[in-house]
1. List, in the order given, every pair from Lys13/Lys76; Lys30/Lys78; Lys30/Lys81; Lys13/Lys81 whose Cα-Cα distance in the structure shown is over 24 Å.
2. Quick check for you: with a 1.4 Å probe and neighbouring chains kept, what is the accessible area per residue of the chain, in Å²?
3. Taking the chain as the reference, fit the longest principal axis to its C-alpha atoms, fit the long axis of helix 66-82 to the helix C-alpha atoms, and give the angle between the two in degrees, 0 to 90, nearest 10.
4. Round to the nearest 10 and give me the degree value, 0 to 90, for the angle of helix 37-51's Cα axis relative to the longest principal axis of the chain.
5. Provide the packing ranking of 26-33, 74-81, 43-50, i.e. peptides ordered by the mean count of other C-beta atoms within 10 Å per residue, highest first.
6. Leaving out ligands, DNA and RNA, and with a 1.4 Å probe, what % of the accessible surface on the chain is carbon or sulfur?
7. Using θ = phi - 60° and the Karplus form 6.51 cos²θ - 1.76 cosθ + 1.60, what ³J(HN,Hα) does each residue of the stretch 16-28 get, whole Hz, x for Gly and Pro?
8. Can you give me the relative contact order of the chain as a percent, contacts being Cα pairs under 8 Å and 6 or more apart?
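The values are calculated or read from the model by the stated rules, or taken from the named source; none is laboratory data. Just so we're clear, the structure is a prediction, and the values are computed from it rather than from any experiment. In this analysis, Cβ positions are derived from the backbone assuming ideal geometry, glycine residues included, and neighbour counts consider all displayed protein chains. For accessibility, only protein heavy atoms count, side chains too; no ligands or nucleic acids. Shrake-Rupley method; radii C 1.70, N 1.55, O 1.52, S 1.80 Å.
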Amino acid sequence: MDIFELVKKAILKVEPGLDESKIVSAALLKEDLDLDSLDRVELALALEDELGLYLQDEEMGDIFTVGDIVALIESKLKVKKNS
């Protein structure tokens, strides 16, 4: 399972008109992808549904790039796997 591709898919679900080529690891959610706070909540919910994880508001508050989301999910999956 490629986490980056899942995140990319979720971003496109939240922002259907977004140019897919803009979604790279270093892309800033607000500045580069124009995701506002509501979009970020919708993105978190889409990822939670897709992966069966809970993303806390505090954790999402520390997310600024696509790569940050990927790293957060990978760490949560690692913890879940080791539980």
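1. Working: Lys13/Lys76 22 Å; Lys30/Lys78 27 Å; Lys30/Lys81 31 Å; Lys13/Lys81 27 Å.
The answer is Lys30/Lys78; Lys30/Lys81; Lys13/Lys81.
2. On the way: 5190 Å² over 83 residues.
Value returned for the chain: 63 Å² of accessible area per residue.
3. For 66-82 against the chain, the angle is about 10 degrees.
4. For 37-51 against the chain, the angle is about 40 degrees.
5. On the way: 26-33: 14.6, 74-81: 11.6, 43-50: 17.5.
For the peptides 26-33, 74-81, 43-50, the packing ranking is 43-50, 26-33, 74-81.
6. On the way: 2700 of 5190 Å².
So the carbon and sulfur contribution to the accessible surface is 52 percent.
7. So the Karplus estimates, Gly and Pro as x, are x, x, 5, 5, 4, 5, 6, 7, 10, 3, 7, 5, 7 Hz.
8. Values: 59 pairs, mean separation 31.7, N = 83.
Relative contact order for the chain comes out at 38 percent.
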